[in-house]
Amino acid sequence: MILPALTEATSPFFRPIKYSLFPPLGLAQLAGYFDPDDEITIHDEHVEKLTLDDEPDLVVIQVYITSAYRAYALADLYRRRGAYVCLGGLHVTSMPEEAAQHADTIFLGPGEDTWPSFLADYRADQPAQVYRSTVRTLVGAPRFRRDLIKRHLYLVPNSIVVSRGCPHACDFCYKEAFFKGGRSFYTLAVDDALAEIERLPGRHLYFLDDHLLGHPRFAAALFEGMRGMGRLWQAAATVKSVLESDLVEQAARAGLRSLFVGFETLNPANLQEHHKYQNLDRDYTAAIRRLHSLGVMVNGSFVFGMDGDDESVFERTVEWAIGQGIETATFHILTPYPGTGLHQRMSDEQRITTTNWDLYDTRHVVYRPAQLTPRALEDGYWRAYRDFYRWGSIFRGAATKATWADRARHVAYSGGWKKFEPMWDLIIRARQACGMLPVLEAVLSSFGQHDSDPTSSQSARRPAITTTPTARDPRARRSVTPLPLIGT
C-alpha cells in the first residue's frame, strides 16, 4: 500500500515539516479489512524512499491530484511486473477514465463499502474493474492498522479521523465530487471514536476531520467523553460553529489547543460566489476573540484569486491576520480541481489554462483570474507568506496578546512553524520527526490557561470583520445551501 509523494513535497531544498506530520490513515484503515495472515506493508513516500525491487501480489495506491503522475508511474511499473494494481482517492474519483488506464481496478468515492467487496471478489478471482461507493457508514469499520505505521517518522503520529466529509458545499472543494452518489457527511459511533482515542499513546492528538464540530450532538458527546483524558489536541472547524453554540467551550475543556479555521476571504461577494454561505454574516473577529479567550490558537486559511480579488487583497489579508493575533496562517491560490463546481464553471468560461496536474498545488495559477494577472497572483501569494511570517510580523501578532506568557507562546509557535525550516529538514532527514513531539506538547500545554472573559484582552478593541453582503453588491443574495474537503 503506497502513498506517493505530492509534487510540492519533493523539493531538493528544505522540506517543510507539514509533509511529515501525519501517517496515511486512509491506507491504514483499508489494511484493517485484510485477513490476519495477509502480509501487508504501508509506504509513505513523503517520509521514506520507496524500494521498488519487491514483487507483491497486490498494490494499492492512494492518488491525490499533485501525486497523480507519480502514482501512475508506480502503477505502470508494478503492472509490468505482474502485480494487480488498485488506484483510489480524490483524483481517481474525479478523473476515472484517466486513472483506469493505469490500474486493474479503480475505486470511486470512500472505500468503506467497496473495499471489502473488492477483497472478496479478488480472492474469488473475479475482481471488477470499477467499484463505486454508494453505502455511506462507518458502522462496523475496522480499526486503523496502526501497527503498520512507522510512528517515529511523523511529528504527529496520533492523527485520527472520526467522521467523513462535511455538512457544507463550497464550490471549490473536492468533497461534492468525492461523495457523489451518497451521503457526504457521516460519523463514527461516539463509543468507537472514544475507544480509538484510548488506544493512542501519549497526550497529543490531531483530528484530521474536515469539520469536527459539524455534527453538534456527536461533537458534544465526544468532548464529554474526552474530558478527564488529559489530551492536548488540534482540529478543524468553521467560523459558524465557533460562534453559534458552546461546542468550542466544550472542546477547550476536553483539551482543544489549536483550531484550523477556513476564513478563506474577507470579501462577502467572494463568499457568495463560491457558496461558502456558512461564513456570511459572521463576525470573524468575534470568532478569533472567542478562541483566544479559551486559550485556543488559530490557524487561519485564506484563498487568493477569487473574482473579487485585486492587487490589494494580499496586503489587506495579511495585515488583518496579523492584527487579529492569528498564530499561524495558510495561504492558497484558488485552484479549480476537477469534479468541483468551480472547475465546471471555469471550464464553461474557458478560463482554465493547463491540465498539468503537478501545478494544481494551490501555489500555481492554472486559470485566468478576473482582476489579476497570473504573475501578480503568484507573486502576491508568496509575498503573503513572506510578510506574515517575518519576525517583525510575528512580534506584532504577539503584541496583540494580553500577557507576556501569551506573547511568548505566540512567538514560539509561529516562529517554530516557519522560521526554522532548515532545522526541520535536518530532523526529517535524520528520521527523528517524532522526537520533536514533546516540544509541541509543551507549547500546546501552555495554552488553555486564559481569562475566560474575551473582553479582557487587547483583541476586544480590534475592528471587527463581519462578512455581510452589501445592498450594492448584485451577487448579495442570501440562500441557504448546505461545505469542504474529505478524509480518505
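The values are calculated or read from the model by the stated rules, or taken from the named source; none is laboratory data. Just so it is clear, the structure is predicted and the values come from calculations on it, not from any experiment. Here the Cβ positions follow ideal geometry from the backbone for every residue, glycine too, while neighbour counts run over all protein chains shown. When the accessible area is computed, the model is the full protein with side chains, heavy atoms only, and any ligands, DNA or RNA have been set aside. Shrake-Rupley method; radii C 1.70, N 1.55, O 1.52, S 1.80 Å.
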Residue list for the range 335-364, restricted to those being surrounded by fewer than 17 Cβ atoms within 10 Å (Cβ to Cβ) and in a loop (DSSP other than H, G, I, E, B): Glu349, Gln350, Arg351, Thr353, Thr354, Thr355, Asn356
Can you list residue pairs whose Cβ atoms sit under 7 Å apart, with the first residue in the range 404-430 being open to solvent by 50 Å² or more (accessible area, probe 1.4 Å) and the second being at pLDDT below 70 and not in a helix (DSSP H, G or I)? Count only pairs 6 or more apart in sequence or on different chains. Pro422/Phe14
Can you confirm whether the range 59-71 contains a residue that is within 19 Å of Lys180 (Cβ to Cβ) and part of a strand (DSSP E or B)? yes
Might you check whether a residue that is touching a Lys or Arg at 6+ places or on another chain (Cβ under 7 Å), crowded, with 23+ Cβ neighbours inside 10 Å and of a type in the set (A, V, I, L, M, F, W, C) occurs anywhere in the range 292-305? yes
For Phe218, all conditions in the list (1) at pLDDT 95 or above; (2) open to solvent by less than 10 Å² (accessible area, probe 1.4 Å) hold save one; what is the number of the exception? (2)
Of the residues Thr134, Thr105, Thr114, which single one is under 27 Å from Ala193 (Cα atoms) and either surrounded by fewer than 17 Cβ atoms within 10 Å (Cβ to Cβ) or in contact with a Cys (Cβ under 7 Å, 6 or more places away or on another chain) (or both)? Thr134
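Rundown of residues vs (1) within 18 Å of Leu294 (Cα to Cα); (2) touching a helix residue (DSSP H, G or I) at 6+ places or on another chain (Cβ under 7 Å), yes/no style:
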position: Pro157; (1), (2): no, yes
position: Cys173; (1), (2): no, no
position: Tyr186; (1), (2): no, no
position: Asp209; (1), (2): no, no
position: Leu212; (1), (2): yes, yes
position: Leu222; (1), (2): no, yes
position: Gly230; (1), (2): yes, no
position: Trp233; (1), (2): yes, no
position: Leu243; (1), (2): yes, yes
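Conditions tested, residue by residue: (1) touching a Ser or Thr at 6+ places or on another chain (Cβ under 8 Å); (2) of a type in the set (Val, Ile, Thr); (3) crowded, with 23+ Cβ neighbours inside 10 Å.
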residue: Phe22; (1), (2), (3): yes, no, no
residue: Leu25; (1), (2), (3): yes, no, no
residue: Ile42; (1), (2), (3): no, yes, no
residue: Asp54; (1), (2), (3): no, no, no
residue: Val59; (1), (2), (3): no, yes, no
residue: Ala68; (1), (2), (3): no, no, yes
residue: Ala71; (1), (2), (3): no, no, yes
residue: Val92; (1), (2), (3): no, yes, yes
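Which residue out of Val156, Val190, Val161 is open to solvent by less than 60 Å² (accessible area, probe 1.4 Å), more than 27 Å from Pro96 (Cα to Cα) and in contact with a Gly (Cβ under 8 Å, 6 or more places away or on another chain)?
It is Val190.
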Scan the range 221-241 for residues that are out of contact with any strand residue (DSSP E or B) (no Cβ under 7 Å at 6 or more places or on another chain) and open to solvent by less than 20 Å² (accessible area, probe 1.4 Å) and jot them down. Leu222, Phe223, Met226, Ser241
Hits in the range 194-236 (condition: part of a strand (DSSP E or B) and aliphatic (A, V, I, L, M)): Leu205, Leu232, Ala235, Ala236
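Could you list, in sequence order, the residues of the range 365-414 that are within 22 Å of Ile326 (Cα to Cα), aliphatic (A, V, I, L, M) and outside any helix (DSSP H, G or I)? Please lay out each step first, then the result.
If we filter the range 365-414 for residues that are within 22 Å of Ile326 (Cα to Cα), which is where we start, we get 380-414.
Subsequent filtering for residues that are aliphatic (A, V, I, L, M) retains 384, 394, 398-399, 402, 405, 408, 411-412.
The one that is within 22 Å of Ile326 (Cα to Cα), aliphatic (A, V, I, L, M) and outside any helix (DSSP H, G or I): Ala402.
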Residues of the range 247-279 being open to solvent by 20 Å² or more (accessible area, probe 1.4 Å), within 17 Å of Asp309 (Cβ to Cβ) and part of a helix (DSSP H, G or I), in sequence order, are Pro268, Glu273
Residue list for the range 74-90, restricted to those being open to solvent by less than 50 Å² (accessible area, probe 1.4 Å) and either farther than 25 Å from Leu21 by Cα or in a helix (DSSP H, G or I) (or both): Leu74, Ala75, Asp76, Leu77, Tyr78, Ala83, Tyr84, Val85, Cys86, Leu90
Test set (1) modelled with pLDDT under 65; (2) among the polar types (S, T, N, Q); (3) part of a helix (DSSP H, G or I) - Thr468 fails condition number: (3)
Pair list, Cβ < 8 Å and 6+ apart or interchain, from the range 45-71 residues that are β-branched (Val, Ile, Thr) to residues that are surrounded by fewer than 21 Cβ atoms within 10 Å (Cβ to Cβ) and assigned to a strand (DSSP E or B): Val59/Tyr84
Find the residue count for the range 379-392, including only residues that are under 15 Å from Arg363 (Cβ atoms) and open to solvent by 50 Å² or more (accessible area, probe 1.4 Å). 4
Please determine whether any residue of the range 68-78 is closer than 26 Å to Gln234 by Cβ and aliphatic (A, V, I, L, M). no
